[in-house]
C-alpha cells in the first residue's frame, strides 16, 4: 500500500504536466572509490538537473527512494545523507535531494568485478523513472569503470560529505514521546514535546523529527506546534499496516504489542541545529486516546511546514545564541503555575514532615515577641532567606543533574544515604541544644565592631534550611501540578517555581514579621518554655529516628548503621563533657575529633552495593502486617497481569504523605475488603532508593515524585489516581 500510493500520485503528476520540457539527462552519476581510515569506501554520487529532485529513504507523501542494487556481492551502506523537505503542488510533502549528493558504502567481501544498478524517480512538475548500470574492475584499491563517470568529485569533498552524514545517538533526554490510539480503525498517534526553551526556530528544511519507513507503521508527516513559552510540541498520525501482511498482524485492542515496535527518526536538534539518528521502542500504546493532548495543542501556534529554501518569519529568537536562556514570557498559564507553587508551599506548613521545625519557629516567635518590630522582622526575614536559598540550591542541583541525563524527582536528596546521615547529625545536634547541653554562639562572638548582634539570626536561617529539607518528603495539594511543570521547564522557570514554593512555605512567618500584631495570640514568655523546649527536642529526636530508618533502607549491611550510631553517641558525650565535666580546649578538641572519626569512616566507605537497585524492605513489611499480598512493581509485571484488575502504589520510606495515605486508606479493613471483593492484584513500586526505571515511568505519566497511585483495568487501561486517594475514589475508578 505504501508503494502503490506514491506511484499513483506520480502518474497523475506526470499526466498533468506532460508538456513540460525534460532535460536530456535529469540525473548524472559517478562511482568513485577512496581510502579513508584504512577502509576502501565506495561513493556513488548523483547530480540532479536544476529544479529536479530525487527521493530519500522515506520519500514522503509521493515518490520512490533511490535504490542501489549490487549484482553478486553484498554491501554495507552508511546512513543516507540528510534530505531536504519539499512541499510540492497539491500540498504533497516529499523528502529528497536537489543538486548534488553522495551515497556511501563498503564491500562485505573482496571482489574484482563490480556490477551494480541504481534506480531512481526524479521529479520536477513531472516524474521520470531512471536507472544506470555501472560496471568496472576493482584492483589494488583502484576502481576503473567500464563507462566513464558523468562527472568527478574530488576526494576532499567526498570526505567532507562523509563526515556530514547523520550519526546515531541516544534518545534526547529533553524529548518526550508517547504513543496513543488515534481516531478510526488501525490508527495511532505519536505525541511528543521538546522542553528545552533555549531552542531556535527551525530554519533547516526539516521538521524536528523526520521518520524513516517502518515495518507495520505508515507514519505521516509531522505537525509542529509552539506554545507561548516556546516549547515545541509535535504529533504524527500513524497508520497500522499489519492488515496488509500475510499472516495479518492486528492492532491489539488492549494496547500491548506482541513484539516491541521500534520507530526510527532523523532528529534535528532545535538548539544546535545538527541532525542525527535516534530510535525509540514501544511495547504498548495508550488505547484511551489523546483527547487531553489535542485540547492542549488546539490553543498553540501551528508551525506551517517550510518549502525548500524558506525561513520562518517569526524569528523571535533569531539573534539569540544557541542554548541561551531568555527571560520567559510571563503569561496566564505560567502565573497559575506560580500560584499553585505558592499555595503548595503554604500548605506544606501543616504537613507532618515539617511540624517539628515549624514548632521550633513558633517557639522562636514567643521568645522574640517582646523585641522591637524591626528585630522581629529580621528574625523572620532570616528564616525566609534560609528557605529561599535552600530552594534555590535544590533547583540548581536539579538543573545540574538533569544536564547529566539523570531522571530525578521531588525528594531526590533523601535517596542519598550520605545526605540523610548528615541530616540525622544536624537534627541530633539541634535536639542537644534544646536539651540545654550547649548554646549556639553567633559567629564572631556576640559583638561585632560596635554593633550588637541579636542572638538567633543564624539559628533562624538554619531553621529555614531545615524546614525546606524536611518538607521535600511531603507532597501537598497544588504542589504536584507545579512540580510536574517545573521538572520539564526551562532553567529559569524551574528556579522561579521553586522560589514560589519557598515563598509559600515562609509566607506565614514573613507576614508575622511585617505585622507583629498577628502573633499576640501566642502566650507570653515564661518558665513554661523550658518544658516546651525539651518537648521540641524530643520531636527532633523522633524525626532523627525516622531518618535512621530511612538510612537503614538506603544502605547495605549493618556496618554503616553501627558507624552512624557510634558517631551520634560520641557527639552526645562530647557535648556532655564540655557542659558538665571540663571546658578545657584540649579535651574538647579531642572528644569532638573522636566523634568525627565514625562519620569520616562512614563517608569514605561504600554505603550501597548498587545505587540503581530499587527498593527497601517495604514489601516485606506490608506483607507481614496484612492478609493481602503485595508484589514488586515492574512494567513487565503489569504486562503479565493484563486481564486482571491491578492497583499500583509508588511509595518510599522517606515519604510522609505516603505514610498518611497508608494509615488512612491502604491499611484499613475497607481497602482490604475492596481488594478481596474485586480479586484485585497489588503492585508496589518502592522509590526509597534511586531507581531510573520508576522515575521514567512516573515522568511518562506526568508525575515527578511519590506518592503516586494507579489502577490498571483488565483491558490494559491505566488510570492515574494522583497523589491523594480515598476509598471512594478507588471504587469510582474500578
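The values are calculated or read from the model by the stated rules, or taken from the named source; none is laboratory data. Bear in mind the structure is a predicted one, so any value in this text is a computation, not a measurement. Ideal geometry is used to build each Cβ from the backbone, glycine not excepted, and the neighbour counts take in all protein chains shown.
Name every residue in the range 136-156 that is out of contact with any helix residue (DSSP H, G or I) (no Cβ under 9 Å at 6 or more places or on another chain) and either surrounded by 14 or more Cβ atoms within 10 Å (Cβ to Cβ) or in contact (Cβ under 8 Å) with a residue 60 or more places away in the chain (or both), in order of residue number. 136, 138, 141, 142, 143, 145, 149, 150, 151, 152, 155 - these are the residues of the range 136-156 that are out of contact with any helix residue (DSSP H, G or I) (no Cβ under 9 Å at 6 or more places or on another chain) and either surrounded by 14 or more Cβ atoms within 10 Å (Cβ to Cβ) or in contact (Cβ under 8 Å) with a residue 60 or more places away in the chain (or both). Among the residues of the range 242-280, the ones that are without any contact (Cβ under 8 Å) to a residue 60 or more places away in the chain and either over 18 Å from residue 220 (Cα atoms) or in the same structural domain as residue 715 (by TED's automatic domain parsing) (or both) come to 13 in all.
Let's see how each residue does on (1) modelled with pLDDT of 65 or more; (2) over 22 Å from the mean Cα position of the chain (by Cα); (3) exposed (fewer than 15 other Cβ atoms within 10 Å of the Cβ):
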{"residue": "316", "(1), (2), (3)": "no, yes, yes"}
{"residue": "338", "(1), (2), (3)": "yes, no, no"}
{"residue": "351", "(1), (2), (3)": "yes, yes, no"}
{"residue": "355", "(1), (2), (3)": "no, yes, no"}
{"residue": "358", "(1), (2), (3)": "yes, yes, no"}
{"residue": "374", "(1), (2), (3)": "yes, yes, yes"}
{"residue": "390", "(1), (2), (3)": "yes, yes, no"}
{"residue": "397", "(1), (2), (3)": "yes, no, yes"}
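Conditions tested, residue by residue: (1) assigned to a helix (DSSP H, G or I); (2) within 19 Å of residue 727 (Cα to Cα); (3) within 28 Å of the chain's Cα centre (by Cα); (4) at pLDDT 90 or above.
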| site | (1), (2), (3), (4) |
| --- | --- |
| 627 | no, yes, no, no |
| 639 | yes, no, yes, no |
| 683 | no, yes, yes, yes |
| 690 | no, no, yes, no |
| 695 | yes, no, yes, no |
| 699 | yes, no, yes, no |
| 706 | no, yes, yes, no |
| 714 | no, no, no, no |
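If only residues of the range 553-567 that are surrounded by fewer than 21 Cβ atoms within 10 Å (Cβ to Cβ) and closer than 21 Å to residue 540 by Cβ are counted, the one that is nearest to the chain's Cα centre (by Cα) is 553. When the criteria are applied in full, residue 670 meets the requirement of being surrounded by fewer than 21 Cβ atoms within 10 Å (Cβ to Cβ) and either touching a helix residue (DSSP H, G or I) at 6+ places or on another chain (Cβ under 7 Å) or under 21 Å from residue 720 (Cβ atoms) (or both).
Going through (1) crowded, with 17+ Cβ neighbours inside 10 Å; (2) free of Cβ contacts under 8 Å to residues at least 60 places away in the same chain one by one, residue 646 falls short only on (2). Residues in the range 584-618 that are within 30 Å of residue 257 (Cα to Cα) and touching a strand residue (DSSP E or B) at 6+ places or on another chain (Cβ under 8 Å) were compared, and the one that is modelled with the highest pLDDT is 615.
Taken together, the criteria exclude residue 287 from residues that are out of contact with any strand residue (DSSP E or B) (no Cβ under 6 Å at 6 or more places or on another chain) and farther than 23 Å from residue 174 by Cβ. All of 718, 682 fail the test of being touching a strand residue (DSSP E or B) at 6+ places or on another chain (Cβ under 7 Å), surrounded by 16 or more Cβ atoms within 10 Å (Cβ to Cβ) and farther than 26 Å from residue 617 by Cβ, apart from 718. Restricting attention to the range 203-219, the residues that are in contact (Cβ under 8 Å) with a residue 60 or more places away in the chain and not in a strand (DSSP E or B) total 8.
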